[in-house]
Structures are given as structure tokens and as C-alpha cells.
Amino acid sequence: MKSTLLKNCRIVENNKLISCHLFLEGEKIGHISDDPITADEVIDIKGKIVIPGMIDCHVHCREPGNPQKEDYLTISRAAAKGGITTFLDMPNNTPPTTTVERLEEKRVLAKKSLVDYGFHFGADGKNEQEIKNAKNIASVKLYLDLTTGGLKLDDFSSVERILNIAPFCAVHAEQENLTNVISLASGLKKKVYACHISTAAEIQEIRKNRKSVFAEVAPHHLFLTEDDAASLGMLGHVRPALKTKADQEALWNAIAGGLVDTIATDHAPHLKEEKMEKEIYGFPGLETVIPLLLHAVNEKRLTLQDVVVLTSRNPAKVFGIHNKGQLKEGFDADLAVIDLDLEKEVRGTCLLTKCAWSPFEGKVLKGWPVATFIRGTLVYRDGNFFPHQGKEITIIARRPQPPTREQNLIPENPEGENSPSLQREKEGSLSLQQEEENNG
Ligand code: NCD
Ligand code: ZN
């Protein structure tokens, strides 16, 4: 088995940066060492920071159906460049991924991916047997609001049936639909994953029902508001829509208060021409999410620990992804090397996603990923790609009983949501300790 030494790394541990050398054994993290032991290959990281690669649990690859918008190769190149080592693909394709046969077709198409991947499965209200037969799916996605694709579920009785039979459900549910689906899940003693939470009212709902819901936030709701939507014009259409400054603040406060479990891009590429022609919804996000978050770290709105927990550790735990999400011995060596000092402007024409435009156009961000390893192989470095075949993740079988309060990934901050970030740093490490204890 080939060994690789990543010499002179800095890694994030308990909110501190630690200098070390990472010894990789084949695809795994072998050990994290103080001494630069010899290996078949030595790569000098030159003191840069190495974080676990992002697990982006919400992306829309457009294959099959609309490969002109994105395919598994382009999405994976954009991901690798963005410091994302695994993505979970949504089912609202044309045709939607609502049968095992269509899931199998996707599995063949996805073999082009450079990075690792998994799949969410669709629900159309008529495919319960298919849901039961689908193997190794991250979730069954329930669309309760109108969006791209024809998967909206119109009656809550089918939602209830699916919640009962699915191993785990992710929901696109805004406002009252969120309230209703959480109350249904809670009655059934289930815990659902709420995609792209975007308003202060929804955050209130999450706060009241931590036992029954995981919360995801998308970068565009953290970094853009309705004012940006107005200046973006036709390009500014996204579901859920960009919201007010007050809603945006509520999302940041919710992160500070430990109410948000994951940050995921909701990468939903549409070509610029398509967007200019008619109202269609969705933003690309793979290549800008880590730079936006690192920029927020530089501005002291987040800690690096927050970034690692929200983009990698928690996604792996929420979806039960085997052996990923932590920089820990025996875990897959999925790594992003980041340069916190590198400053660059976002330019749509430089993006690798097929749609090649960005709602963050022109923003100068400080902090960018510079190299990406997938299961021990260097796949991307400073603008260059190296051959690699991504593979499907393994979802750990879920326990039949509902998750309990103790399994909340980040306990809510007892000081409330407005504690200063320094205090949050302290509590961040505390909550991780608690989490280890809870998991035994
Ligand atoms: C998504 C798409 O285009 O697939 N669009 C979006 O605005 N987010 C669908 C979705 O996630 O709702
Ligand atoms: Zn989406």
C-alpha cells in the first residue's frame, strides 16, 4: 500500500491550530505525527492549513436530463477546486430519481466524477415501493414547495406515509410547510433534515423543535439579501428567495447559538442565457462556499472550527456517511488545503461549473482552497487536476429508533444566540467534547 507524507501541515483541533505531519496509508489517514516519518511520497504543505474536505450535502447535478447545465465531470471539477471532496446529489432531474432503475442510471453516469458522491432519492407520492427498495441513499427528499422539477407533494397524507417508511427524509419546506412537516415528524417520533432555512421565523421553529429537525443553511442566504436579488435581476431568482437583512442576521445568530447543523451550497446551476430568458430558480455555489466561509473566518464572524464542523463533520454525522468528515486516524484522507491569506475576486468566467456565472461576482474574498486530496490522492492543486475516479459513499444503516435530544450535534448555546464570538469559540470546543461523550 502506498504511503504519503503531507509534511508541515497545520490542522484545526479544539479551536486551535496545531503543526503536524499527516501520514496517509493508501486511502486513509494513517497517523497524525509530530515527526516527519518517511513515506513513498512526501508532499510539503509548507505550513498551510489542512481541513477535512467539505461534504456538500445539497447539490443538483443536471445529469440525466440537462447536461448542458452540468454533468458529473464538471460538477466534480468545480467541487474539487472548491475544496469539496464529497457531494450528495438531489433527485429533481428530468426524469426525477424516483425509481431504483433511475438511481442505477445515475450511479453509472456518476462514475465520471473525480470526487466522492452519494444520492438523495425522490418522492412523487406514488413510489413507496421504490423508496423501500432503494439502497444506500442519503435521504428521501420531500418537496413541499414549488421549485425546479416536478416533484412537489401536494398532500400531507403522502408525506406522512413517506416519513414512516423512509430511512431518513430531507425536506424543502418553507414557512407554514416547515411548521407542518416538523409537527408531523415530531408526532411520528422522526427527525427530518430541513434544507436551506432562510428566515428568522423558520429559525424560531427550529429552536422550538430541536428534537425533530436538523437545520441546513445555504451560503447565498448568509451572504446575500433581497437587495442583491434586486441588483441581480433575472439572475437573482432562487428558491427559497433571498431574504431581508434581519432574516440574514437571524441565520448568523443561529449559527452562533448552535442551531444550525450544516452549511450546504444548494448548487443549482442554470445557464445565464436560460436565466435571462425566463424566471428559473437556482444559483451555482460549489466554488465560492469555502472562500465565503474563510472570508468570514478572516472577519471573525466564524471560527475555522465552525467551518469544519458545519461543512464536514456534521454532514457526515447527519447522513451517516461512513469514515468521512473528520481528520482522524482510519478515516478517508479527504482533505482540503487552504490559504487563509490568499485574496481573489470571484469571477464567473473563471468558474468550472458549466453555468460559469456567480451571484457573488466581483466580491473580493480572503481565504481560498488551493489543493484537494480525495482518499489520499492529490486531485487538484493550484489550478491543475490529476486523474482520479470518485466513488459512491457508504451510508451507515440508521438505527430504527428516533434520534434523541442527546444526539443533537451541537447543543444549543445556553447563553442565547447573541454571545460574542470569543465565547462561542470556547463553547464550540466544549460542545464537541460533549458530542464525543454522547456518542460513547
Ligand atoms: C433548485 C434547482 O434548480 O434544482 N433551485 C433552487 O432555486 N434552489 C431546486 C431547489 O433546490 O429547490
Ligand atoms: Zn436544492
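Any idea how many residues of region 49-71 are within 16 Å of ligand 2 (Cβ to nearest atom), farther than 18 Å from Arg107 by Cβ and in a loop (DSSP other than H, G, I, E, B)? Adding up the residues that qualify gives 2. If you filter region 149-179 down to residues that are under 29 Å from Phe223 (Cβ atoms) and more than 16 Å from ligand 1 (Cβ to nearest atom), you find that the one that is surrounded by the most Cβ atoms within 10 Å (Cβ to Cβ) is Phe168.
Residues in region 273-289 that are among the hydrophobic types (A, V, I, L, M, F, W, C) and within 16 Å of ligand 2 (Cβ to nearest atom) were compared, and the one that is farthest from the chain's Cα centre (by Cα) is Ile280. Scanning region 19-66 for residues that are modelled with pLDDT of 95 or more and of a type in the set (D, E, K, R) yields Glu25, Glu27, Lys28, Asp40, Glu41, Asp44, Lys46, Lys48, Asp56, Arg62, Glu63. Taking the stated definitions as given, is Leu151 within 16 Å of ligand 2 (Cβ to nearest atom) and of a type outside the set (Asp, Glu)? It is true that Leu151 is within 16 Å of ligand 2 (Cβ to nearest atom) and of a type outside the set (Asp, Glu). Would you say Arg239 is within 15 Å of ligand 1 (Cβ to nearest atom), under 25 Å from Ala123 (Cα atoms) and of a type in the set (D, E, K, R)? Yes. Screening the candidates Glu343, Glu329 for the property of being assigned to a loop (DSSP other than H, G, I, E, B), modelled with pLDDT of 95 or more and within 29 Å of Asn14 (Cα to Cα) yields one hit, Glu329. Among the residues of region 223-231, is any within 17 Å of Val59 (Cα to Cα) and touching a Phe, Trp or Tyr at 6+ places or on another chain (Cβ under 9 Å)? No, because not a single residue in region 223-231 is within 17 Å of Val59 (Cα to Cα) and touching a Phe, Trp or Tyr at 6+ places or on another chain (Cβ under 9 Å).
Residues of region 240-267 that are among the acidic types (Asp, Glu) and within 16 Å of ligand 2 (Cβ to nearest atom): Asp266 alone.
Give His220, His196, His270 a once-over and let me know the one that is over 23 Å from Leu302 (Cα atoms), in contact (Cβ under 8 Å) with a residue 40 or more places away in the chain and either crowded, with 22+ Cβ neighbours inside 10 Å or within 16 Å of ligand 2 (Cβ to nearest atom) (or both). Reasoning before the result, please.
Details: His220 fails: over 23 Å from Leu302 (Cα atoms); His196 fails: over 23 Å from Leu302 (Cα atoms).
Selected residue: His270, the only one of His220, His196, His270 that is over 23 Å from Leu302 (Cα atoms), in contact (Cβ under 8 Å) with a residue 40 or more places away in the chain and either crowded, with 22+ Cβ neighbours inside 10 Å or within 16 Å of ligand 2 (Cβ to nearest atom) (or both).
In the set Ile263, Ile206, Ile197, only one residue is more than 20 Å from Pro91 (Cα to Cα), touching a strand residue (DSSP E or B) at 6+ places or on another chain (Cβ under 8 Å) and modelled with pLDDT of 95 or more; that residue is Ile206.
The values are calculated or read from the model by the stated rules, or taken from the named source; none is laboratory data. From a predicted model like this one, the values you see are computed outputs, not experimental measurements. Every residue, glycine as well, gets a Cβ built from its backbone with ideal geometry; the counts of neighbours run over all protein chains shown.
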